[in-house]
Structure formats: structure tokens, C-alpha cells
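No lab work stands behind these numbers, since they all come straight from the coordinates. The structure displayed is predicted, hence computed values, not measured ones. Cβ placement follows ideal geometry from the backbone for every residue including glycine, while neighbour counts extend to all protein chains displayed.
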Amino acid sequence: MATKTGSRRAAPQPKNSIPQTLLRIVNSALDDMKAVNVKVMDVRHLTDITDIVVIASGNSDRHVKSIADRVLQFAKQNDFRPIGVEGAREGEWVLVDLNDIVVHVMLPRVREFYGLEKLWEDVAPPEPVADAPKVAAPKVTAAKAPKPKAAKSRAPAGRRKPPARARAAR
């Protein structure tokens, strides 16, 4: 008689544990490569694209590339598959998308120019408006609706001008 043993699947992890585990991995990679001025921002209340944005700087374009490569290496070693990497060829700004965490590694001058921290900080989560009156959209009747304009064509479909090069050769 066969007895049923426990399931082989691991217990499901709570949603917050994956970003925290991945954040520890990203931080250890940044520490390992001596990234400068690391800033971690929780943006769950601002966007659905990601949960956490990490911004770090490197001292040179080679250093920026190395930091991004190390983040990728540590993520892959821990079974986190990156969605994509952008800017690795140039090395001024490398973006590593790890789904729950997006890592930006930049040169200091690029970081100062774009000011990503200013975009995400100082923004409070939206507060629900309880007593806002509901306004219905205005109705548009057929008589008041604007008429669509017809697109103008340059030449009839059957007759077209030859290219300038062909005209000059004549």
C-alpha cells in the first residue's frame, strides 16, 4: 500500500519576501563592487511597474559596467532572472530590470543631470478623496459633433512622379 507523502513544492513565499531577498542580493553586489551613493526607494505606491528602485553611481564608465555586471551575476546565481539590461555598451547609465527591483547605475554627472531621485522622492502616496462630487461626461449629439477632415493626397494613385535621380538622368 502506497502512502502519500508531503508535497514536493516549496511553501509559497509571501509577496514581500521576494523583493526583500532580491534587495539583499542587489545590495551585496553593489557593496562588492564599491558602488558610490546608493539610494533605495520604495515606489509601490507610485507605480505598478516595479516595487523598488535602486540608484547607484560608479566612478567611470568601466566601473558602471562592472557594477551592473555584478548585479546580474549575483541575481542569476540566486535564480533571479533579469528581464532586461539597457545601456551596458555605453556605460554612462546602465539599467538592470529585475522585475520587482529596477537598478540604475550611472556616472555622477549623468545622475545629476537626470535627477531620478527628485522624480521619486517628495511624492506622497495619493490620498483617497472621500467627498468629491461625481461629474458626468458631457454628451455630444450628432449635430454638434465635429466632422472628421478627409486626408489630402499628393498625387493620384495611378500617376506618380519619378524619383529626382531618374528625372535628372533624362
Most to least packed among 42-48, 87-93 [average Cβ atoms within 10 Å]:
87-93, 42-48
If R0 is 30 Å, what FRET efficiency do you get for MET41 and PHE113 from their C-beta distance, rounded to 0.05?
0.95
Peptide ranges 22-28, 50-56, 114-120, 34-40 listed from the most packed, as the mean C-beta count within 10 angstrom indicates:
50-56, 22-28, 34-40, 114-120
Given the peptides 101-107, 68-74, arrange them by the average over their residues of other C-beta atoms within 10 Å, most packed first.
101-107, 68-74
